[in-house]
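The values are calculated or read from the model by the stated rules, or taken from the named source; none is laboratory data. In this text, all values refer to a predicted model and were calculated from it rather than measured experimentally. Heavy atoms of the whole protein, side chains included, go into the accessibility calculation; ligands, DNA and RNA do not. Shrake-Rupley method; radii C 1.70, N 1.55, O 1.52, S 1.80 Å.
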Amino acid sequence: MLATSYMESPIGILEITGSELGISSLKRIEIDLLPEGSDVKILQSCKNQLKEYFNRERSSFDIKLDFSGHSDFYKQVWKELLKIPYGHTVSYSSIANAIENPDAVRAVGLANKYNPIAIIIPCHRVIGKNGDLTGYFYGLDTKRLLLELENPLSFSRQGSLF
């Protein structure tokens, strides 16, 4: 049975949905008050890991994910995104090449757009081939914030002095 929980984060209120199969959705929601939610074990574990991530105490997630109901192509892209190291970025074309489908750059972009488990499946680490920050469903400011959180020297707004 699906359960839902909520948490405050530096990017807003997050809604986490999952079951014994794993986390199936993690998204930011636009509301003013934090709703009550379930404290199912997997949801509590996810919230704890997200808090550690936002506090720079965690660089990878150790939580079961549930991709049920999504296409094999999307699952393939999301599994590839999980391989991107913390603090690093890759291009959409490098993901397409990694899944041995170099002509699928736009489809990789769509898989990123429809990623149901944002942050944990790090679609924010995918950038344009020329290094530009491109499309993020929470906005480029949020994408930059997440990249800056992971790698302050490379993605800070101010830049490094050295």
For the chain: rounded, prolate or oblate by the Cα gyration tensor [a/c cutoff 1.5]: oblate
D (Stokes-Einstein, µm²/s), Kirkwood Cα radius, region 39-115, 0.692 mPa s at 37 °C: 235 µm²/s
Per residue accessible area in Å² of the chain, where ligands, DNA and RNA are left out and the probe is 1.4 Å: 56 Å²
Sulfur and carbon atoms: percent of accessible area, region 36-156 [1.4 Å]: 47 percent
Helical contribution to [θ] at 222 nm, DSSP H n ≥ 4, -39,500 (n - 2.57), averaged over the chain, rounded to 500: -9500 deg cm²/dmol
Region 64-124 and region 10-59: distance between their alpha carbon centers, rounded to Å: 20 Å
For region 87-101, 3J(HN,Hα) per residue [Karplus equation, 6.51 cos²θ - 1.76 cosθ + 1.60, θ = phi - 60°, Hz, x = Gly/Pro]: x, 10, 10, 9, 8, 4, 5, 5, 5, 4, 5, 5, 8, 6, 9
Exposure of Lys75 as accessible area (Å², to 10), given a probe of 1.4 Å and all protein chains: 50 Å²
